[in-house]
Amino acid sequence: MKYSPLKALSIAALVVIATGCASNSSLDEVKAMAAAAQQTANEANQTASAAKSSADRAQSTADQALATANAANMTAEEANEKIDRAFKRSMEK
């Protein structure tokens, strides 16, 4: 079979015409799907932002708790040192 540019062009035009009607409704469907996907992405972004805020608050609370624990530990060590000194002095008498 011999290649004919006119025949190929005719087939291509027929395909374009045949899919033209379907493509309008398909295009509307694709637009609707894209809008739904964008909405889902926006909601996911909002959820991620809220989660990050919660994580930041949790980290801040954890940092405060660690600072309080370190301060309590230092106070306990100071109290132990005082008790040790007092015990040593009582043993020397």
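Using the Cβ-Cβ distance between ALA50 and ALA72 with R0 set to 25 Å, the FRET efficiency works out to roughly 0.15. Converting phi to 3J(HN,Hα) with the Karplus coefficients 6.51, -1.76 and 1.60 and the offset θ = phi - 60°, the stretch 75-86 yields 4, 5, 5, 5, 5, 4, 5, 5, 5, 4, 5, 5 Hz in sequence order, with x at every glycine or proline. Of the residues MET91, MET74, the one with the fewest other Cβ atoms within 10 Å heads the list, and the complete ranking is MET91, MET74.
No value in this document is a laboratory result; all are computed from the given coordinates. Bear in mind that the values here come from a model prediction, so they are computed numbers and not experimental data. As a convention, Cβ positions derive from the backbone with ideal geometry for all residues, glycine included, and neighbour counts pool all protein chains shown.
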